[in-house]
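Heads up, the thing below is written out as structure tokens.
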Amino acid sequence: MPLHSKIMMGVFAALLSTTSMAFAEDKVISFIQCGDSVDPTYPPFIAKWESANPGYKVNIEPVGWDQCQDKVTTLAAAGTPPSLAYVGSRTLKQFASNDLIIPVPMSDADKAAYYPNIPETVTFEGKQWGVPVAFSTKSFYWNKDLFKQAGLDPEKPPTTWAEELADAKIIKEKTGIAGFGVVAKTYDNTMHQYLHWVYTNNGKVIDADGKIVLDSPENLEALTALKAMVPYAEEGPTAYEQNEVRAIFLDGKIGMIHASVGAVNKLKDAKFKWGVANLPLGPHAKGPGTLLITDSLAIFKGTGMEDKATDLAKFLTNPENQFVYEVSNGLTPLRPVPGVKDLVAKDPSWQPFLDGISFGGPEPLFLDYKGFQNTMIDMVQSVVTGKAEPADALKKASADLEQYK
């Protein structure tokens with residue numbers, strides 16, 4: 001072969017190789033996953049998805065929890081979003097309203113496959129804007145040894161707010177130890193803890209039409225009940241977020257708390273006897289309730305990868321893969337798949353975390369979720385510190401929320 005021909009063939013081969021690399025780069029799906037490292041369940045799932053989708057490569061970037069949400073928001077606002085990102089479902093309304101993400105419609109069959117009220121955590125203006133990927137519910141924990149020390153029946157947890165308050169008072173007066181853990185630090189879970197009371201009394205913050213309904217008899221009862229707990233709580237509740245309150249409980253220095261299933265694992269080696277049950281109910285409750293918090297996989301616009309990113313999100317969260325992820329991470333299951341019965345049979349402490357779902361309520365979706373969050377925290381703190389009465393604090397917060405919806 002003439003030298004000229006060999007050179008041309010070499011140039012052609014180099015160009016072909018370069019072009020192929022460019023095509024490969026064009027088909028990279030960027031995925032931001034919240035956490036300090038890639039979740040161990042994901043690599044085999046993604047390898048399976050990639051084998052079924054030749055020419056596409058998934059690039060997972062783990063980002064620490066404290067920075068994750070802000071990084072995703074900053075990238076999206078700058079016009080350089082990831083293809084796919086793990087986000088708190090509370091942010092979906094903001095992303096959707098700013099035309100940064102695409103809807104991920106659920107069929108009626110899709111919705112029915114989840115536990116009740118789960119699809120509502122990602123729904124805004126009749127559309128679903130994310131694929132639920134993580135789910136948290138709360139239950140009631142009590143220290144049986146402290147109950148016994150206070151003269152209470154250690155096998156009889158309170159089932160109503162009135163009983164819960166009475167037990168907290170007795171524990172405090174008889175043992176000198178805090179009866180109940182009140183969460184009131186400037187932290188998002190202060191709002192979440194108040195919403196436990198709201199959703200165990202058939203309350204709401206915002207209705208399906210976008211009307212603020214925070215200032216209601218049900219929510220006033222909830223805030224009043226929380227205030228009543230303060231004299232029997234740990235000293236200075238505004239210094240503690242829920243994990244810090246949980247730590248005091250784990251140390252045997254609080255009688256009762258509201259917490260997620262994560263506390264079960266931490267209690268395995270506890271030096272005291274403990275129990276977990278449904279959250280106590282308020283006077284307007286229709287049945288067991290809890291705050292329903294989900295995180296979601298959101299698909300961002302303008303990446304050219306929308307269809308494939310959607311397919312990947314649905315694959316990662318299909319019933320089989322999702323349950324593996326949930327068991328691995330100790331999360332409340334999103335769907336009543338067959339494995340849930342085995343989970344409860346093996347560890348009955350799971351049951352309360354499922355019971356509250358049917359009458360539970362979602363983390364409310366606001367356009368400015370941080371404004372909403374801060375308003376709710378201010379409301380709780382004003383009542384816990386005695387700076388405002390529940391009725392006045394509720395009216396003020398209700399009016400302030402109008403600017404954030």
(message) Among the residues of region 65-85, what is the count of those that are touching a strand residue (DSSP E or B) at 6+ places or on another chain (Cβ under 8 Å) and more than 16 Å from M305 (Cβ to Cβ)?
(response) 4
(request) Can you give me the number of residues within region 332-350 that are under 15 Å from the mean Cα position of the chain (by Cα) and either surrounded by fewer than 16 Cβ atoms within 10 Å (Cβ to Cβ) or more than 30 Å from T73 (Cβ to Cβ) (or both)? (result) 0
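One line per residue, one yes/no per condition, for (1) open to solvent by 10 Å² or more (accessible area, probe 1.4 Å); (2) farther than 24 Å from V327 by Cβ; (3) over 23 Å from the mean Cα position of the chain (by Cα):
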| position | (1), (2), (3) |
| --- | --- |
| M106 | yes, no, no |
| K127 | yes, yes, no |
| K148 | yes, yes, yes |
| P158 | no, yes, yes |
(message) Of all residues being closer than 25 Å to Y325 by Cα and acidic (D, E) in region 108-125, which is farthest from the chain's Cα centre (by Cα)? Just the residue, please.
(response) D108
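Per-residue answers, yes or no, for (1) crowded, with 22+ Cβ neighbours inside 10 Å; (2) farther than 30 Å from T80 by Cβ; (3) among the hydroxyl-bearing types (S, T, Y):
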position	(1), (2), (3)
A263	yes, yes, no
D269	no, yes, no
V276	no, yes, no
A309	yes, no, no
Q322	yes, no, no
V327	no, yes, no
G330	no, yes, no
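Please pick out the residue among A85, A112, A96, A76 that is part of a strand (DSSP E or B) and either of a type in the set (A, V, I, L, M, F, W, C) or outside the structural domain of T303 (by the TED database) (or both).
One residue alone meets the criteria, A85.
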(message) Can you confirm whether K341 is in a helix (DSSP H, G or I) and under 27 Å from I29 (Cα atoms)?
(response) no
(message) Which numbered condition in (1) open to solvent by 40 Å² or more (accessible area, probe 1.4 Å); (2) part of a strand (DSSP E or B) is the only one that E120 fails?
(response) (2)
(message) Quick check on V245: is it touching a Ser or Thr at 6+ places or on another chain (Cβ under 6 Å), in contact (Cβ under 8 Å) with a residue 12 or more places away in the chain and open to solvent by less than 20 Å² (accessible area, probe 1.4 Å)?
(response) no
(message) Can you confirm whether K370 is basic (K, R), modelled with pLDDT of 95 or more and either under 25 Å from V182 (Cβ atoms) or in a helix (DSSP H, G or I) (or both)?
(response) no
(message) The conditions are (1) open to solvent by 60 Å² or more (accessible area, probe 1.4 Å); (2) of a type outside the set (D, E); (3) touching a Lys or Arg at 6+ places or on another chain (Cβ under 9 Å), and Y114 fails exactly one of them. Which is it?
(response) (1)
(message) Looking at region 351-405 only, could you name the residues that are in contact with a strand residue (DSSP E or B) (Cβ under 7 Å, 6 or more places away or on another chain) and either free of Cβ contacts under 8 Å to residues at least 60 places away in the same chain or open to solvent by 60 Å² or more (accessible area, probe 1.4 Å) (or both)?
(response) E402, K405
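The values are calculated or read from the model by the stated rules, or taken from the named source; none is laboratory data. As the structure is a computational prediction, the values presented were derived from the model and not from experiment. With ideal geometry, Cβ positions are generated from the backbone for all residues, glycine too; neighbour counts draw on all protein chains shown. What goes into the accessible areas is simple: the full protein's heavy atoms, side chains included, and nothing from ligands, DNA or RNA. Shrake-Rupley method; radii C 1.70, N 1.55, O 1.52, S 1.80 Å.
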